[in-house]
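Following: one structure in structure tokens, then a few remarks.
The values are calculated or read from the model by the stated rules, or taken from the named source; none is laboratory data. For clarity, every value in this text was computed on a predicted model and none was experimentally measured. Every residue, glycine among them, receives a Cβ derived from its backbone with ideal geometry; neighbour counts consider all protein chains shown. In case anyone asks, the SASA skips ligands and DNA or RNA and just uses the protein heavy atoms, side chains included. Shrake-Rupley method; radii C 1.70, N 1.55, O 1.52, S 1.80 Å.
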Protein chains: 2
Amino acid sequence: MNNILIIGAGRSATACIKYVLEKAAERNWFVTVADADPKLAEAKVAGHPNGRGTWLDVMKVNDRRELIGRTDVVVSLLPAHLHLEVAHDCIKLKKHLITASYVSQEMHRLADVARSQELIFMGEMGLDPGIDHMSAMQQINAIKAKGGKITAFRSYTGGLVAPESDDNPWHYKITWNPRNVVLAGQGTAQYLENGKHKYIPYNRLFKEYRLIDIPGMGKFEAYANRDSLLYREAYGLAGIPNILRGTLRYRGFCDAWNALVKIGLTDGAYPIMGSEDMTYHEMLEGYLGPSFANGSVKERIATFVKQGVDSEVIQKLDWLGLFSKKKIRLKDATPALILEQLLLDKWKLNPQDKDMIIMQHEFEYELGREKRQQISTLVMKGEDSENTAMSKLVGLPLGIFAKQVMGGHIVKAGVNIPVMPEVYEPVLNELKEYGVIFKDEEKAL
Amino acid sequence: MNNILIIGAGRSATACIKYVLEKAAERNWFVTVADADPKLAEAKVAGHPNGRGTWLDVMKVNDRRELIGRTDVVVSLLPAHLHLEVAHDCIKLKKHLITASYVSQEMHRLADVARSQELIFMGEMGLDPGIDHMSAMQQINAIKAKGGKITAFRSYTGGLVAPESDDNPWHYKITWNPRNVVLAGQGTAQYLENGKHKYIPYNRLFKEYRLIDIPGMGKFEAYANRDSLLYREAYGLAGIPNILRGTLRYRGFCDAWNALVKIGLTDGAYPIMGSEDMTYHEMLEGYLGPSFANGSVKERIATFVKQGVDSEVIQKLDWLGLFSKKKIRLKDATPALILEQLLLDKWKLNPQDKDMIIMQHEFEYELGREKRQQISTLVMKGEDSENTAMSKLVGLPLGIFAKQVMGGHIVKAGVNIPVMPEVYEPVLNELKEYGVIFKDEEKAL
């Protein structure tokens, strides 16, 4: 095998492309980077002799199949809903496929045919999902190997701005899909606590956060992810009484975001008719019921969300421009889209800004009669707005795993996620060279 | 024209089938009633010489086309998402189509081709939507005809249980689609007040209800419907500063339903894994966060929803069985589905129960220098659980309009809703014979 195709050349692909091109020179691979924007693809290849950037409209079946037909391994960094088309091509043309996205039910249905054709379809090989699976599984297997019985597993991840680049009252900037930032948490979160099922519906998800101590970094807020029970079986933790996956934010974020939820500004299902001619101020006034009739819109919103008008929450809303008399200028947009447009501007990563990823696993386990706790923490900062920690931690696992597949070291065919030692050990090992190192703390409880 | 096809023989079809069969005898029509359950279709035809009941799996294209091909007018009482298939057949086979469902965007796209083939595709010809459009338009046109300028239009409808059959603490029974009862109001409601856009997101829709006086019936709670602005243009009310559509419930309903929303029990997007082995009590406990740790689940839920443990709200929840230790017995069901199953049992219309429809339009208008208010109210009770007011008010407009089309009295081709006098006048007139009479009150403001 000596041809590799990377579909997608956006920000999340930067580190993956760089890594694969480096390895290509050593191993005599040829790397094709395809994107709807061929200039972007070419810029990412940057004249490397082992690569080329090319144009691809992924909806054009023939073009897509021609590119895939000429390769051995496909790395897809497309939006999740587009993977399936590529997957069908890979089945047809007998190619391996690697993605960083959640494996959908439709993708799972390809498991038998992929296995029978000895094709490797690896999903969730990025950061979250990806490094979270791999690092957790390594620890889980190590605790089990020494005879430990795991009674609690809690895992938190945050895609944040580094403290030195944090210059806004929300202490947050956008380092991934902005739409997902706005819609995060919609639905009902579920997890297990002392053997009992726990549910948090969206309307109080950002109210019921917990404070998590990150060694060396201080305390962060964590709100529960949608389905913490999803990976219980895959992780070999069936029957565990405590399991929780959460998202980390700097302190003060959740209370302010909760105000946006309460007002109704994160609703992406419903257009506000005539929003283009409306001001943000008018829109907010529209959300105030008759019981909040006195004072300025800012004062009435403060009363409504049960905060002082000078509170940090209201200051954050004000800083976003939600009380401004500027026009929205988006035609019949949903509240979520209107908010997203505001945040894209206000929470923009400036060119020199560094992002920061924090991932922390907490395990509680019994070893004989002893109760022990282990905490594994990864903190990694990016270099600037192009070379983000997010891009590295999504792209490097993809690249490293692609190298394993290209080298013929992986034999696990079928549709999988990286929970098997033969998959995660080489990836985690090589990630260490790039500074992806979890620090472990262990103590008796 | 002498063949009419009614697709769907469920409860909402009863009055329509009965009406059409009556008219068939006088006019020598032949009526085919088709349903997935042929016994039900036959039972509704009840041996009438001008009709027959037959089996139809609406997804079987050939069977469906054969039936439609042999008819002149199709009345479809299918669930809304199935109308489109029938509509395409009607285009192909050149047949008129009448439904009681909201006209979807896909259906609207058939407008040109229907018009060019002189086909009548009438949607929203039931109760709500249906009678609401027709009765409002009649009043709007009457006020305009005498020179009035309408400044406010508020319209409320409730599908309720009649007071004499009201024997539960919620004062509510299910007379229509139970799934829609549970999911009602999800999204953001929008309306106009004093020329300003107003929004109420779902998380406070049942908190911000208003009290509406129904002459002769007392006060009812009304919560806002999703998009009150939708029919502004169709009603000829563009530029009106006040418009609101709302749903009526007996007093006490909204506070208790709001508790269900707040707990998170109306979420239909997310399964509760392992729900089959869980009790209602355990499920409710799962929704209690760490800040509600003391006391029984009932006491903690009471604290959480800010109600006394003996309050009416908690009594209503208790009466539903939400604190019971019975098993849920639904596999991996969403909270909404679990709630729906409970309500189907607890809010069941008993055989002799009467339902009740209330519809009230409020108009404010200026006549010269005078400000006036007009209130038009319809109150109608059913006979029993089979012959409901709901079934009559959905089915009679369909039947009456079908008669008009069969008689060649309607020439308005294309995809329409009943807002034109030539459509609503004959239907409203004939509805009076069935007791569908709005009482009007008018006064100076």
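Are any residues in the range A:270-281 part of a helix (DSSP H, G or I) and either closer than 30 Å to A:TYR250 by Cα or within 30 Å of the chain's Cα centre (by Cα) (or both), and if so, which ones?
Answer for the range A:270-281, where residues must be part of a helix (DSSP H, G or I) and either closer than 30 Å to A:TYR250 by Cα or within 30 Å of the chain's Cα centre (by Cα) (or both): A:TYR280, A:HIS281.
For the range A:227-236: of the residues being at the interface with chain B (Cβ under 10 Å from one of its Cβ atoms) and open to solvent by less than 60 Å² (accessible area, probe 1.4 Å), which is nearest to A:VAL313 (Cα to Cα)?
It comes out as A:ASP227.
Do you know which residues across the range B:290-315 are over 31 Å from the mean Cα position of the chain (by Cα), crowded, with 18+ Cβ neighbours inside 10 Å and within 14 Å of chain A (Cβ to nearest Cβ)?
Within the range B:290-315, B:VAL297, B:ARG300, B:ILE301, B:PHE304 meet the criteria.
Could you list, in sequence order, the residues of the range B:188-244 that are under 23 Å from B:GLU441 (Cβ atoms), out of contact with any Lys or Arg (no Cβ under 7 Å at 6 or more places or on another chain) and among the acidic types (Asp, Glu)?
Selection gives B:GLU193 alone.
For residues that are open to solvent by less than 30 Å² (accessible area, probe 1.4 Å), touching a strand residue (DSSP E or B) at 6+ places or on another chain (Cβ under 6 Å) and at the interface with chain A (Cβ under 8 Å from one of its Cβ atoms), tally how many sit in the range B:196-226.
4
Considering A:GLU285, A:GLU370, A:GLU340, A:GLU362, which residue is within 14 Å of chain B (Cβ to nearest Cβ) and either crowded, with 18+ Cβ neighbours inside 10 Å or in contact with a strand residue (DSSP E or B) (Cβ under 8 Å, 6 or more places away or on another chain) (or both)?
Answer to the check: A:GLU285.
Using beta carbons and a limit of 9 Å, which pairs, at least six apart or on different chains, have the first residue in the range A:105-118 and on the phi > 0 side of the Ramachandran plot and the second one open to solvent by 90 Å² or more (accessible area, probe 1.4 Å)?
Cβ pairs passing all conditions: A:GLU118/A:LYS94; A:GLU118/A:VAL411.
Return the pairs, sorted by first residue and then second, in which the second residue is aromatic (Phe, Trp, Tyr), the first residue lies in the range B:285-299 and is over 15 Å from B:ASP318 (Cβ atoms), the beta carbons are less than 6 Å apart, and the residues are 6+ apart or on different chains.
Pairs found: B:GLY286/A:TYR199; B:TYR287/A:TYR199; B:PHE292/B:PHE304.
Do you know which residues across the range A:91-112 are farther than 20 Å from A:GLY8 by Cβ and open to solvent by 50 Å² or more (accessible area, probe 1.4 Å)?
A:LYS92, A:LYS94, A:GLN105, A:HIS108, A:ARG109, A:ASP112
For the range B:136-154, give me the residue count where each residue is touching a His at 6+ places or on another chain (Cβ under 9 Å), open to solvent by less than 10 Å² (accessible area, probe 1.4 Å) and in a strand (DSSP E or B).
Total meeting the criteria: 1.
Which ones in the range A:162-195 are farther than 16 Å from A:ARG249 by Cβ, surrounded by fewer than 20 Cβ atoms within 10 Å (Cβ to Cβ) and either more than 9 Å from chain B (Cβ to nearest Cβ) or free of Cβ contacts under 8 Å to residues at least 12 places away in the same chain (or both)?
A:GLU164, A:ASP167, A:ASN177, A:ARG179, A:ASN194, A:GLY195
Determine, yes or no, whether A:VAL181 is β-branched (Val, Ile, Thr), closer than 21 Å to A:THR247 by Cβ and at pLDDT 95 or above. Steps first, answer last, please.
Working: β-branched (Val, Ile, Thr): yes; closer than 21 Å to A:THR247 by Cβ: yes; at pLDDT 95 or above: no.
It is false that A:VAL181 is β-branched (Val, Ile, Thr), closer than 21 Å to A:THR247 by Cβ and at pLDDT 95 or above.
Applying the selection to the range B:25-50, what residues are more than 23 Å from the chain's Cα centre (by Cα), without any contact (Cβ under 8 Å) to a residue 60 or more places away in the chain and part of a loop (DSSP other than H, G, I, E, B)?
B:ASN28, B:ASP37, B:ALA46, B:GLY47, B:HIS48, B:PRO49, B:ASN50
With the requirement that a residue be in contact (Cβ under 8 Å) with a residue 60 or more places away in the chain, of a type in the set (Val, Ile, Thr) and more than 8 Å from chain B (Cβ to nearest Cβ), what does the range A:262-282 give you? Full working, then the answer.
Here is the first cut: in the range A:262-282, the ones in contact (Cβ under 8 Å) with a residue 60 or more places away in the chain are A:264-272, A:275, A:280.
Adding the requirement that they be of a type in the set (Val, Ile, Thr) leaves A:266, A:272.
Across the range A:262-282, the qualifying residue is only A:THR266.
Can we say B:LEU322 is surrounded by 19 or more Cβ atoms within 10 Å (Cβ to Cβ), in a loop (DSSP other than H, G, I, E, B), free of Cβ contacts under 8 Å to residues at least 60 places away in the same chain and at negative phi?
Yes: the conditions hold for B:LEU322.
Taking A:GLU22 as meeting all but one of (1) touching a residue at least 12 places away in the same chain (Cβ under 8 Å); (2) surrounded by fewer than 20 Cβ atoms within 10 Å (Cβ to Cβ); (3) under 18 Å from A:ASN2 (Cβ atoms), write down the number of the exception.
Checking A:GLU22 against (1) touching a residue at least 12 places away in the same chain (Cβ under 8 Å); (2) surrounded by fewer than 20 Cβ atoms within 10 Å (Cβ to Cβ); (3) under 18 Å from A:ASN2 (Cβ atoms), the one that fails is (1).
When you scan the range B:377-386, do you find a residue that is open to solvent by less than 60 Å² (accessible area, probe 1.4 Å) and under 22 Å from B:LYS149 (Cα atoms), even just one?
For the range B:377-386, residues open to solvent by less than 60 Å² (accessible area, probe 1.4 Å) and under 22 Å from B:LYS149 (Cα atoms): present.
Restricting to the range B:31-55, give me the number of residues that are closer than 11 Å to B:LEU5 by Cα and open to solvent by 70 Å² or more (accessible area, probe 1.4 Å).
The qualifying residues number 1.
Within the range A:245-254, how many residues are under 19 Å from A:GLN373 (Cα atoms) and open to solvent by less than 10 Å² (accessible area, probe 1.4 Å)? Before the answer, list the steps.
Filtering the range A:245-254 for residues under 19 Å from A:GLN373 (Cα atoms) gives A:245-246.
Now restrict to residues that are open to solvent by less than 10 Å² (accessible area, probe 1.4 Å): A:246.
The number of residues fulfilling the criteria is 1.
Enumerate the pairs (first residue in the range B:406-425 and touching a residue at least 24 places away in the same chain (Cβ under 8 Å) and polar (S, T, N, Q); second residue anywhere and open to solvent by less than 30 Å² (accessible area, probe 1.4 Å) and outside any loop (DSSP other than H, G, I, E, B)) with beta-carbon separation below 6 Å, excluding pairs fewer than 6 apart on the same chain, so at least 6 apart or on different chains.
Short answer, once both residue conditions are applied: B:ASN416/B:MET122.
Quick one: is A:ILE240 in a loop (DSSP other than H, G, I, E, B), of a type in the set (A, V, I, L, M, F, W, C), more than 10 Å from chain B (Cβ to nearest Cβ) and touching a Phe, Trp or Tyr at 6+ places or on another chain (Cβ under 8 Å)?
When the stated conditions are applied, A:ILE240 passes them.
Among (1) without any contact (Cβ under 8 Å) to a residue 60 or more places away in the chain; (2) assigned to a helix (DSSP H, G or I), there is one condition B:GLY53 misses while meeting the rest; what is its number?
(2)
What number of residues within the range A:56-83 are loosely packed, with under 15 Cβ neighbours inside 10 Å and in a helix (DSSP H, G or I)?
Looking only at the range A:56-83, we keep the residues that are loosely packed, with under 15 Cβ neighbours inside 10 Å, and these are A:57, A:59-62, A:66, A:69-70, A:79, A:81.
Within this subset, residues satisfying the condition of being in a helix (DSSP H, G or I) are A:61-62, A:66, A:69, A:81.
Qualifying residue count, the range A:56-83: 5.
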